[in-house]
Amino acid sequence: MGFSLHAHLCAEHVTALRRRVGEMREPPLGLDLVPDARLEIFFDEIRAAPTTAELILGLYEKALHAVKAALEHHIAETNPLADQPSVRVCRFALLEVDDMLKFGAQTIAGLIDGKTRELTQPWLTLLDDCLAAAGALDGTEKASGREIVRRHSAGPTSTTACPDATSVSLTRTNMGVNAEVFLYDEKFRPEPKTVMMFYKRLREVDVPEMMASIITETSDKPWDYYRDMTRQLWDEARHAMMGEAGFVSLGIDWPRRVMVNFTWSLALNTQLKTDRAARRALLHRTGTHAKEWKAV
């Protein structure tokens, strides 16, 4: 859920930066080109991280810290009058980058112990070397000239198509609950309908499981495609979290006691690879909401 929010926030700030660059330059802007091969390795390594620990450390201790340093450096070195619009964009971005870093620090403290950090240290050093070789994320420092050898990203990367059913009560068989019929039935009181609404919201976790795979597998689309998709990724995750918060407010141990089926994302992720390409194109072209897409 945190990744969904942070992907959305980053996409929004990247969009603001792209628009600002567009105001200052004539196209083509060259924003889809990688400015330094070492930076490409840096982000490829994080994307290919084989463990949750490495992914979290790479994102929240290396990548986002580098982004924060670049934004702060731009603000410090830029004339606040001559380029006030760019300074404003950077200041707004820093607000939410700091929020993401706080989230990351809490996550790292809760999940990663000293032994895990020790095992990942050589790889974290590789990430530092990538940035140093590129002259920092913004290219303003002297490049180290160090040769970089890929590690996790040396070969093809893969993602897991099947949703993880180990941490919550995900099931392939609980298809007997028709929330809509229950909610519109006048013989039921508002209290149980509220609980059913929590369930209906929580069950939407199935949607980001599907959307994340589409974002990961779809390349070479215009930037606005990815911005729109990450926005809806967060929308659906947020809806599911509303259900989670509702159950928590009632003292219900939802990870153990609430059965949520994930058959829709499982089928799309594992069975419909060819058809999905056409359907996601339809989704983008028509602006169809993911819930409406279920009927396509």
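The values are calculated or read from the model by the stated rules, or taken from the named source; none is laboratory data. It should be emphasised that the depicted structure is a prediction, and the values quoted were computed from it without experimental measurement. For neighbour counting, all protein chains shown are included, and Cβ atoms are generated from backbone atoms with ideal geometry for every residue, glycine included. Areas reflect the complete protein model, heavy atoms only, side chains present, ligands, DNA and RNA absent. Shrake-Rupley method; radii C 1.70, N 1.55, O 1.52, S 1.80 Å.
Considering only region 19-46, state which residues are farther than 30 Å from ALA154 by Cα and not in a loop (DSSP other than H, G, I, E, B).
If the condition is that a residue be farther than 30 Å from ALA154 by Cα and not in a loop (DSSP other than H, G, I, E, B), then ARG19, ARG20, VAL21, GLY22, GLU23, MET24 are the ones that fit.
Looking at region 211-224, can you tell me whether even one residue there is over 21 Å from LEU268 (Cβ atoms), assigned to a helix (DSSP H, G or I) and not polar (S, T, N, Q)?
Within region 211-224, one or more residues are over 21 Å from LEU268 (Cβ atoms), assigned to a helix (DSSP H, G or I) and not polar (S, T, N, Q).
Do the conditions hold for ARG256, that is, is it at pLDDT below 90, part of a helix (DSSP H, G or I) and surrounded by 12 or more Cβ atoms within 10 Å (Cβ to Cβ)?
Details: at pLDDT below 90: yes; part of a helix (DSSP H, G or I): yes; surrounded by 12 or more Cβ atoms within 10 Å (Cβ to Cβ): no.
It is false that ARG256 is at pLDDT below 90, part of a helix (DSSP H, G or I) and surrounded by 12 or more Cβ atoms within 10 Å (Cβ to Cβ).
Do we have GLY145 as of a type outside the set (A, V, I, L, M) and at positive phi here?
So GLY145 fits the description; yes.
Taking the condition of being open to solvent by 30 Å² or more (accessible area, probe 1.4 Å) and closer than 19 Å to PRO85 by Cα, how many residues in region 1-19 meet it?
Counting residues in region 1-19 that are open to solvent by 30 Å² or more (accessible area, probe 1.4 Å) and closer than 19 Å to PRO85 by Cα gives 8.
Can you find, within region 25-53, the residue that is modelled with the highest pLDDT among those that are open to solvent by 50 Å² or more (accessible area, probe 1.4 Å) and under 20 Å from LEU101 (Cα atoms)?
PHE43
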